[in-house]
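Please read the structure below before turning to the comments.
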Amino acid sequence: MFYIFFFLSLILFIQNCSNSNIDSQELKPDIFLSIDKIKYLTGDFSRDKVLKGFKNPNEERVHHLREDVILAYQKMIKAYDIDREGKDNQPIFIISAHRNYSDQKMIWEDKFSGKRKMSESVVGKTDEEKINLILEFSSAPSTSRHHWGTDFDINNLTNSYYETGNGKFLYQWMKKNAFKFGFCQPYNEHEKRNFKGYKEEKWHWSYFPISTKLMTEWEKAFIENKISFENKFSGSNKLGTRPIEYVKTINSDCLNMSK
């Protein structure tokens, strides 16, 4: 009788464990939103079918982000608007959000060819020099955090804007409060990242509860040679190991807040 009771208890225990595993798998969020992992990580998908559209007040342009990111962003904006009342008349607004592979490739090619201006002219520069110049502020196609629907640029794409006046109030508020809503500035002062990766971008903010996981998945995929750059765009064959350095070199505060 004892043995029968023991085996019945063992069977029930195994069934409960199996059900718990199924439940945990069902509850685990799909960070790739039902898209092939590599396609999602490299921005090779249609944003209209996967991400949620979002408009700044009084604007017609539609930006795209993950739905969970938009919800967190809207909560942050509401808090900011309350705090700035009577102090500052500069709202926070998005000027760039999701960019797919084609979007990023267009930016890269325009800069590589000299069609789009940078801090220096590309005239007379080698491919290596052009790549280094582009990578000051722009990602190579397949490596941009903007591919993930978790990152966006706000208000103004110059660091100096955030050092005085309305821009300073906005930036100081973001540094103090954005983390409460899951956001962080991935590209902080360049020297704090040992002068590796992109230069500082005070306008670029990321939703770290999701983007940190995607960054880890990107690194794994790159190490496993599942992400390739060969013959994909101008200078792509000369990137070497730069992609993983630029993807993983971010603000340590952002990594800490995601733990």
Mind checking which of 192, 105, 37 has the largest fluctuation in a GNM of the chain, springs on alpha carbons under 10 Å?
192
Please list 3J(HN,Hα) in residue order for the range 145-151, calculated via the Karplus relation 6.51 cos²θ - 1.76 cosθ + 1.60 where θ = phi - 60°; whole Hz, with x for glycine and proline.
5, 5, 5, 8, x, 10, 10
Label point distance in nm, residue 35-residue 115, each placed 7 Å from Cα along Cα→Cβ:
2.3 nm
Below 8 Å, C-alpha to C-alpha, sequence gap of six or more: please give me the relative contact order for the chain in percent.
20 percent
Measure out, as a whole number of angstrom, how far apart the alpha-carbon centroids of the range 172-186 and the range 56-93 sit.
13 Å
Determine the sum of side-chain charges near residue 156: Lys and Arg each +1, Asp and Glu each -1, restricted to other residues whose C-beta is under 15 angstrom from that of residue 156.
-3
Cα to Cα, under 18 Å, and not fewer than 8 places away if on the same chain: which lysines meet these conditions relative to residue 232?
39, 105, 111, 130
If R0 = 30 Å, then residue 49 and residue 175, at their Cβ-Cβ distance, give a FRET efficiency to the nearest 0.05 of 0.30
Name the residues of the range 227-258 whose amide N is less than 12 Å from a point 7 angstrom out from the Cα of residue 127 along the C-beta direction?
230-240
Could you point to the label whose value was computed as Cα extents along the principal axes in Å for the structure here, given [x] 58, 42, 39; [y] 56, 46, 37; [z] 87, 54, 37?
[z]
With label points set 7 Å from each Cα along the Cα-to-Cβ direction at residue 79 and residue 241, the distance between them in nm comes to 3.9 nm
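Every read-out reported here was derived from the displayed coordinates using simple, explicitly stated rules and does not represent laboratory data. A quick note: this is a predicted structure, and the numbers were derived from the prediction, not measured. Counting neighbours? That spans all protein chains shown, and the Cβs are built from the backbone with ideal geometry, glycine included.
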